[in-house]
Amino acid sequence: MRAANWAQGAIPRSEARQGLVAVPAASPPLSAADTLTPPAGTASIARTAEARLPAAPPLASALSTWLSRQWLPMLLGVVSIGSMLLAWHLATLYKLDFYIRFNNIPAPAEVFDKLLEVNQSPQFLTNIGISVRRILLGFFGAAAVGIGLGLLIGRYKPVRMLTLPALEVLRPIPAIAWVPMSIMLWPDNEVSIVFITFIGAFFPILLSTIHGVESIDPVLLRAARCLGCPERRMLWQIMLPAALPHIFTGLAVGMGVAWVSLIAAEMISGQFGIGYFTWEAYSLISYAEIALGMITIGVLGLLCSGGIRMTARMVMPWQAATGKGGA
């Protein structure tokens, strides 16, 4: 310790000359080769550490792991749909007439036969394709406008005071009530149906985005501002990711309302689409086609909702890691 004090100048050199303190010998300077050459055995240690690292699981192993985690939800889903089909079959088989009448309701086997029949011509698939195109155009337009405007309204009070009162007046108007007005507004019937779909999806997405922005912890925004984050980056790199859980909730709700609005618009003013197919079947008293149209609408809506959930898991992996993103 006194040697260290002498090295720092705390011990006089006279004591060192008298032999009172043992001065450590100076170590020779390291050469450039010594500083660049790793110690002996480093390479073998690195190879041993690499050998101990777990290898990446192959695709088949990852798939089997995913199936082992998903078998129970898949099984319960099959049981749920199978129970509904069984109850439908029994109700039509015994012609239940207990306030709810199943006398004219087609059986599941009749609907399946009708599905095979309509697939012999491309008209049914054409109607499905037209409806899918309309729902995607209206929904993605509503998502772009709703998310962008929701971020601005939630962030800036002047924008909120200027736009939100007018939007709150328009929000309670059902999308079906917009059908006559949209026919007069737009020169093309196709554009009017897409506009009605847009209206149905817009307000759930907008309100969910506003709520997501307002629920952000103000400490995060103050910390970003203190670190010199510009306003533009704060909007897209801090506020948008923080509001994503609420935004995806609004997207899921908006997709359901968009399908309701689309089918209503196709039934009232459409000439193609799955809604028009279902209404035409009702006009022709084709009960099996009515049920087939309803089931097709349900399946398409399920696929769209599943796509939104899958996108949410990809965009927000931290939700699945914390157990909040679902399976």
Cα-only Debye scattering, the stretch 65-219: base-10 log of I(q)/I(0) at q = 0.10, 0.17 Å⁻¹: -0.71, -1.04
Residues 89, 211, sorted so that the one with the fewest Cβ neighbours within 10 Å comes first: 89, 211
The stretch 262-306: radius of gyration and largest Cα-Cα distance (Dmax), Å: 10.5, 33
The stretch 169-282, Cα convex hull volume normalised per residue, Å³: 124
Label-point gap, in nm, between residue 234 and residue 78 - each point 7 angstrom along Cα→Cβ: 5.4
Cβ-placed point charges (K, R +1; D, E -1), dipole of the stretch 111-316 about Cα centre in debye, nearest 20: 1060
Principal semi-axes in Å for the stretch 111-316 [√(5λ), Cα gyration tensor, largest first]: 39, 19, 12
For the stretch 111-316: relative contact order, % (alpha-carbon pairs under 8 angstrom, 6 or more apart): 28
Volume of the Cα convex hull of the stretch 138-221, divided per residue and given in Å³: 90
Residue 133-residue 221 pseudo-label distance in nm [points 7 Å out on the Cα-to-Cβ vector]: 4.3
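Each value in this text was obtained by applying a stated rule to the coordinates, not by laboratory testing. Just so it is clear, the structure is predicted and the values come from calculations on it, not from any experiment. Because the Cβ atoms are built from the backbone with ideal geometry, glycine has one as well, and the counts that use them run over all protein chains shown.
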